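First the structure, in the form of structure tokens, and then the observations on it.
The values are calculated or read from the model by the stated rules, or taken from the named source; none is laboratory data. Just so it is clear, the model here is predicted, and its values are computed rather than measured. Cβ placement follows ideal geometry from the backbone for every residue including glycine, while neighbour counts extend to all protein chains displayed. For the accessible areas, the whole protein counts, side chains as well, though only heavy atoms, and no ligand, DNA or RNA atoms are used. Shrake-Rupley method; radii C 1.70, N 1.55, O 1.52, S 1.80 Å.
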Number of protein chains: 2
Amino acid sequence: MERNMEGTTVNVTVPAGAQASYEVRIGSGLLGRIPGETAELLPGARPFVVTDANLEKAGHLAAMAGDGFEDVYSIDPPGESSKTIETVEGIIDAMEQKRFGRDTVVLALGGGTVGDVAGFAAAIYKRGVPCVQIPTTTVAQADSAIGGKTGVDSKLSKNAYGAFHNPVRVYVDCATLRTLDDRDYRAGLVESVKHGMIMDAEYFGYMEAHMDGILARDDAALLHLAERNCAIKGRVVAEDPKEKGLRRILNYGHTIGHAVESLSGYALLHGEAVAIGIVGACRVAEALGSGAAEVTARAKAVLEKLGVPLRIEGIAKEPILDTMRRDKKSVGGRARFVLLKNMGETDPAGGGYAVEVPADIVDATLSELGAG
Amino acid sequence: MERNMEGTTVNVTVPAGAQASYEVRIGSGLLGRIPGETAELLPGARPFVVTDANLEKAGHLAAMAGDGFEDVYSIDPPGESSKTIETVEGIIDAMEQKRFGRDTVVLALGGGTVGDVAGFAAAIYKRGVPCVQIPTTTVAQADSAIGGKTGVDSKLSKNAYGAFHNPVRVYVDCATLRTLDDRDYRAGLVESVKHGMIMDAEYFGYMEAHMDGILARDDAALLHLAERNCAIKGRVVAEDPKEKGLRRILNYGHTIGHAVESLSGYALLHGEAVAIGIVGACRVAEALGSGAAEVTARAKAVLEKLGVPLRIEGIAKEPILDTMRRDKKSVGGRARFVLLKNMGETDPAGGGYAVEVPADIVDATLSELGAG
């Protein structure tokens with residue numbers, strides 16, 4: 001304590017948090033092992049499952065928790081439109097009604113929305129309870145289940161509410177992908193394409209060469225994708241857990257992507273919007289003179305094989321620009337882009353991995369993509 | 001990466017967070033310095049103020065931010081009944097409408113409700129923005145503004161929603177206490193009494209000896225209290241920021257206190273409820289044979305001078321027991337108590353600082369306190 005004419009100052013020290021780690025267990029047909037392994041990991045914890053009607057219908061909830069398991073909140077309707085603070089309130093009310101205490105473990109069984117919403121509910125329930133992520137879609141397995149980002153959207157923007165809350169474990173069960181509908185399956189693979197583009201040219205080459213097996217959902221291909229995705233995502237978030245620098249590369253394709261996803265009223269799936277955003281980011285890099293036309297061409301070719309849309313349809317330019325300015329990645333109201341220098345290599349942009357792009361280039365790129 | 005018959009396991013490492021520290025600046029008439037000092041602390045950050053109508057009326061908002069400052073959310077009505085997720089949504093909507101990004105700094109000017117709500121909004125806005133706490137009540141200055149606990153209540157329990165989010169700075173301006181109404185002023189001093197009882201018998205003795213000066217709001221007494229409170233609270237939270245052990249002593253008096261506060265529909269102020277809880281905890285310790293009757297007598301004498309209620313009026317025993325079981329401090333549905341071994345010294349209870357008390361003793365204590 002220090003006293004002077006200005007008054008007294010007391011310093012409060014916040015000790016460093018300990019290093020921690022969690023396992024991502026990858027395989028096929030893992031669901032039935034989860035309750036037992038969770039009890040070993042967290043002895044005495046009470047499991048509460050968050051899932052949605054699609055997962056229940058596909059039999060995955062029963063495969064994991066057994067028939068008649070009752071400590072469940074099923075998100076209704078499934079999908080992005082339920083990624084709201086009201087859904088979080090519903091989950092927390094349900095846990096409170098059943099008197100779940102700090103000894104709760106939340107099991108998040110589902111796609112990106114389930115993981116984001118359940119992870120955020122776990123992050124803020126009684127100041128934080130543990131969460132096991134069990135992603136069941138291509139997008140969630142590749143991306144959202146690992147790394148501790150959780151959150152929900154507001155009326156104005158994506159992830160306006162959120163927290164960093166690392167899972168205590170992740171299970172990637174490739175068998176759950178077999179019940180996924182084709183459009184969701186394909187859109188989710190865009191995150192895998194993104195991983196190759198930002199970090200691993202060889203992995204991108206694997207996808208170019210094995211797209212038939214990937215689209216046929218062959219076990220070998222699915223396991224290879226899961227392993228590469230988790231290794232890449234795990235490496236990035238371990239280096240930069242709070243997105244101060246390197247982790248921003250995972251936002252590749254997301255600057256335009258988030259905006260058009262939101263403005264489509266979620267008619268566009270996340271991966272579809274990111275595909276458009278990836279093409280946009282490629283074109284921005286070309287316009288700045290830092291990106292190669294060959295990278296753009298290879299990206300478009302792979303994304304076309306996935307059958308995802310690559311053009312903006314029916315959304316005007318002004319609202320896109322406006323939404324981009326309000327994005328959490330924007331600084332001082334100006335949007336920023338993650339850009340590639342080459343296939344598998346991002347532009348570090350002085351360590352910030354986010355390039356401020358002149359307004360005329362953004363404008364021209366949006367026009368070229370088809371924005372009205 | 002490790003591959004075997006069960007599948008592959010990828011380990012994700014979460015690096016240790018860095019040690020951090022923040023200053024608590026204590027004095028009289030500090031408010032006008034805050035905007036400039038915040039700009040020095042966080043260059044380029046955009047300040048957004050959360051406060052309430054009482055603070056505006058008392059002139060404290062203008063004293064801090066100047067007349068006509070517009071980036072303000074004023075909590076309405078002031079007080080515990082607004083400590084809800086809906087208020088947090090209102091704050092976040094207001095920040096979004098004004099396009100506040102990750103470069104926001106939230107200035108929480110007010111009592112415990114303002115600090116808890118604004119701190120929680122800062123914790124979850126775009127996955128966390130910094131917050132400066134400027135507590136203006138005895139309870140907030142002594143307790144809630146330091147240590148990073150933030151949160152709001154649900155219909156069923158206190159702080160059902162919450163996060164640990166340390167402030168980047170705290171200002172304790174004793175001059176703001178002069179405009180506080182007498183009941184709030186006295187109730188908030190219960191937290192100071194609590195600090196003496198759990199950590200510092202000499203400080204408790206100071207309050208016994210100087211109660212007249214304290215109640216007259218003498219500058220010297222107020223500054224002494226602020227310094228002792230911040231030093232005690234700062235020491236406890238530095239040792240145990242996430243309430244795994246020692247920090248639980250700050251919940252002294254809160255097991256019964258939280259329950260009766262909530263069941264009174266917040267007719268009881270937090271400090272008043274804690275005063276009842278302190279007397280309850282003293283009696284529980286006596287019944288267990290670990291606490292001295294002299295400690296109970298001294299506590300009651302000081303609390304009586306404060307003029308706070310020491311008996312439960314018009315609340316039945318069953319709902320109190322039920323609420324205690326649902327408390328976040330409960331484990332397996334059983335309530336736990338922080339107990340004193342002696343004045344200034346808590347029972348570490350094996351390092352957990354929370355004693356499971358037989359149901360019959362809890363029951364008898366509630367009857368003795370007047371629960372119907």
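Quick look at the values:
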read-out: Counted residues, segment B:132-149 - those being within 14 Å of chain A (Cβ to nearest Cβ) and part of a helix (DSSP H, G or I); value: 4
read-out: Matching residues, segment A:99-123, being at the interface with another protein chain (Cβ under 10 Å from one of its Cβ atoms) and open to solvent by 20 Å² or more (accessible area, probe 1.4 Å); value: A:Arg99, A:Arg102, A:Asp103
read-out: Members of segment B:303-326 found to be under 11 Å from B:Val279 (Cβ atoms) and part of a helix (DSSP H, G or I), listed by number; value: B:Leu303, B:Glu304
read-out: Number of positions in segment B:19-47 that are open to solvent by 60 Å² or more (accessible area, probe 1.4 Å), in a strand (DSSP E or B) and either touching a residue at least 60 places away in the same chain (Cβ under 8 Å) or within 12 Å of B:Leu107 (Cβ to Cβ) (or both); value: 1
read-out: Positions within segment B:188-217 being closer than 18 Å to B:Pro135 by Cα and open to solvent by 20 Å² or more (accessible area, probe 1.4 Å), in sequence order; value: B:Arg217
read-out: Checking B:Leu61 against (1) more than 8 Å from chain A (Cβ to nearest Cβ); (2) at pLDDT below 95, the condition it does not meet; value: (2)
read-out: Search result, residues across segment B:164-182 that are surrounded by fewer than 22 Cβ atoms within 10 Å (Cβ to Cβ) and facing chain A (nearest Cβ under 8 Å); value: B:Phe164
read-out: Residue identified as assigned to a strand (DSSP E or B) and more than 7 Å from chain A (Cβ to nearest Cβ) among B:Val129, B:Val152; value: B:Val152
read-out: Enumeration of residues in segment A:124-157 that are farther than 28 Å from A:Leu222 by Cβ and either open to solvent by 10 Å² or more (accessible area, probe 1.4 Å) or touching a residue at least 40 places away in the same chain (Cβ under 8 Å) (or both); value: A:Arg127, A:Gly128, A:Val152, A:Asp153, A:Ser154, A:Lys155, A:Leu156, A:Ser157
read-out: Segment B:264-284 residues that are under 9 Å from B:Val308 (Cβ atoms) and in a loop (DSSP other than H, G, I, E, B), paired with ones that are open to solvent by less than 40 Å² (accessible area, probe 1.4 Å) and of a type outside the set (D, E, K, R) (beta carbon under 6 Å, 6 or more apart); value: B:Leu269/B:Ala187
read-out: Residue list for segment A:62-88, filter: in a helix (DSSP H, G or I), open to solvent by less than 40 Å² (accessible area, probe 1.4 Å) and closer than 27 Å to A:Lys158 by Cβ; value: A:Ser82, A:Ile85, A:Thr87, A:Val88
read-out: Filter pass, A:Ala94 being out of contact with any Pro (no Cβ under 9 Å at 6 or more places or on another chain), open to solvent by 50 Å² or more (accessible area, probe 1.4 Å), farther than 25 Å from A:Glu272 by Cα and among the small types (Gly, Ala, Ser); value: no
read-out: Restricting segment B:218-256 to residues that are more than 10 Å from chain A (Cβ to nearest Cβ), in a helix (DSSP H, G or I) and of a type in the set (Gly, Ala, Ser), the residue that is least open to solvent (accessible area, probe 1.4 Å); value: B:Ala221
read-out: Which listed residue is farther than 28 Å from A:Gly111 by Cβ, open to solvent by less than 20 Å² (accessible area, probe 1.4 Å) and touching a residue at least 24 places away in the same chain (Cβ under 8 Å), from A:Leu366, A:Leu303, A:Leu321; value: A:Leu366
read-out: Qualifying residue in segment A:281-300 (condition: open to solvent by 20 Å² or more (accessible area, probe 1.4 Å), within 14 Å of chain B (Cβ to nearest Cβ) and modelled with pLDDT under 95); value: no
